[in-house]
Every structure is written in structure tokens, then in C-alpha cells.
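Below: one structure, written as C-alpha cells.
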Amino acid sequence: MSTDPTSGATLVRTVTEEDTARAVGSGALPVLGTPVALAWAEAATCEAAEAVLKDGETTVGTRVELEHRAASPVGAEVEVTATLVHRDGRLLRFAVQARHSSGRHAGRPGTVVLTGEVTRVVVAVERFLSRL
């Protein structure tokens, strides 16, 4: 297992109608819904975690703290980054951030859309599933 505290990943997503607060039931506006922004942040942490996993391991989310700071309309391109900032045994803590990229965007490129922290725990897949 790598102990490199700078493991990270960046994903780029474009907001669609299906990603809006109106579509996912978290509001009435046609802008990126917070539940979707959270899912994108978690997806980035899952990708970043791959760098520290052994065969047969995965991670599960255990804690999320997010601030959704700016609206992103349909068509906006959002860059979501997760950086491993702390590791203690099986516990992985990621700083997450989303920004409007230089593609289609609301406001200026670089506008911070979301910031926060996601905590994940490394588990053995077979053992975890056997306990369900």
C-alpha cells in the first residue's frame, strides 16, 4: 500500500438536465444539484483511493462535509479534484474541490463550486460483503 499523502484524482463532468436540483429533487432550479455534486466528489475520491489499495480491497464512504458555493447551469463544465490529505491505517481523508473549468461555465473559469472533505475506509471486498 502506498502511503503517499498526495494521491489524488481529477474528474471533468458537464452538467446535464439530469444533474439539476430540479431533476434530483433537491430544489426547483435548473442548476447542478448538491446530491450530484456530492456524487461527483465521491467518485473522485474513489479514483484517488485506487492508488493505495491492494487487490481485493475497496473503500466505503463514512463521512462527508461539503460546502456547495456556486451555481452551475446545464452545460457548465466542472472539474472535480480529490486529494488524499490524511491516512491513518485504513482511514483515508480527502480534500475535495470542484471548479468551473475553462470550457463552458457560469461566471469565470476557476470559480469554486464546491469544497469539503470526504472520509473513506479501506475494506476487504469479500469480508465486507460476507457480513451483509
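Would you call Val80 hydrophobic (A, V, I, L, M, F, W, C), touching a residue at least 12 places away in the same chain (Cβ under 8 Å) and over 15 Å from Val112 (Cβ atoms)?
No: the conditions fail for Val80.
Taking region 27-40 on its own, how many of its residues are free of Cβ contacts under 8 Å to residues at least 24 places away in the same chain and in contact with a strand residue (DSSP E or B) (Cβ under 9 Å, 6 or more places away or on another chain)?
Total meeting the criteria: 3.
Could you pull out every one of the strands (runs of 3 or more DSSP E) wholly within region 51-132 that has 2 or more residues that are surrounded by fewer than 16 Cβ atoms within 10 Å (Cβ to Cβ)?
57-68, 77-88, 112-124
Could you check region 12-50 and list, in sequence order, the residues that are crowded, with 19+ Cβ neighbours inside 10 Å and among the β-branched types (Val, Ile, Thr)?
Val15, Thr20, Val31, Val36, Thr45
Can you go through Ala48, Ala9, Ala43 and tell me which one is more than 14 Å from Glu117 (Cβ to Cβ), among the small types (Gly, Ala, Ser) and in contact (Cβ under 8 Å) with a residue 40 or more places away in the chain?
When all the criteria are applied, what remains is Ala9.
Could you go through region 3-22 and let me know if any residue there is in contact with a strand residue (DSSP E or B) (Cβ under 8 Å, 6 or more places away or on another chain), at pLDDT below 95, among the acidic types (Asp, Glu) and not in a strand (DSSP E or B).
Yes: region 3-22 contains one or more residues that are in contact with a strand residue (DSSP E or B) (Cβ under 8 Å, 6 or more places away or on another chain), at pLDDT below 95, among the acidic types (Asp, Glu) and not in a strand (DSSP E or B).
The values are calculated or read from the model by the stated rules, or taken from the named source; none is laboratory data. Because the structure is a prediction, the values reported are computed rather than measured. We place every Cβ from the backbone using ideal geometry, glycine too, and count neighbours over all the protein chains shown.
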